[in-house]
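The values are calculated or read from the model by the stated rules, or taken from the named source; none is laboratory data. All values derive from a computational prediction rather than experimental measurement. Here the Cβ is made from the backbone with ideal geometry for all residues, glycine too, and neighbour counts use every protein chain on show.
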Amino acid sequence: MSEDKGSIMEIEWNLVNKMTLWHYEDLIDKMLKTLSYNFIQEHYNHNMKEACNYVGKLLGYNPKYEASIKRLTSTFKSLGDAKIKNCTDLIEKIETRESCEDFLKITKIQFRDLISVLNYIFRWVLPFRNVYLRQLIASSNESHMAYVKILKEQGLRFNLDILE
């Protein structure tokens with residue numbers, strides 16, 4: 001728990017694992033690695049206004065997501081008001097627990113809302129990076145395995161490496 005001039009802001013780091021299935025540092029690392037690809041920067045690194053619109057387009061047709069849409073949209077608007085340029089800018093500003101705590105104190109965004117936004121970006125916006133090439137082919141096919149070996153020798157190990 002952190003105190004800020006008399007007000008109490010609750011930060012429960014174990015909540016990150018409960019909501020995202022990752023520890024905070026692992027989640028941030030995975031997001032930064034995915035955001036490091038040029039085509040991800042071009043197509044998925046939304047500014048906060050685009051992020052609000054994307055939430056509505058992606059989830060807005062299902063009434064069961066109404067509360068989530070409102071919460072996510074409100075948080076993206078608050079992030080925009082805090083001059084966050086895009087997803088990369090957000091992740092870089094909260095890269096460590098300490099910088100996250102400082103960011104929350106300055107912006108007054110609730111910890112749970114920030115983690116909901118991170119989970120949404122990670123699960124619904126960014127493509128998964130951790131698919132090894134060998135998982136995309138029939139491992140019983142020797143020629144396919146030979147191609148994967150050649151690609152691996154060139155430093156291409158994941159699905160997103162091929163797209164890059």
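Regarding region 51-60, can at least one residue be identified that is under 18 Å from Leu114 (Cα atoms), assigned by TED's automatic domain parsing to the domain that holds Thr75 and touching a Gly at 6+ places or on another chain (Cβ under 9 Å)?
Yes: one or more hits.
Which members of region 110-164 meet the condition of being in a helix (DSSP H, G or I), in contact with a strand residue (DSSP E or B) (Cβ under 9 Å, 6 or more places away or on another chain) and at pLDDT below 70?
Matches in region 110-164: Leu133, Val148, Asn159.
Do we have any residue at all in region 44-65 that's out of contact with any Ser or Thr (no Cβ under 7 Å at 6 or more places or on another chain), surrounded by 14 or more Cβ atoms within 10 Å (Cβ to Cβ), charged (D, E, K, R) and in a helix (DSSP H, G or I)?
Yes, region 44-65 contains a residue that is out of contact with any Ser or Thr (no Cβ under 7 Å at 6 or more places or on another chain), surrounded by 14 or more Cβ atoms within 10 Å (Cβ to Cβ), charged (D, E, K, R) and in a helix (DSSP H, G or I).
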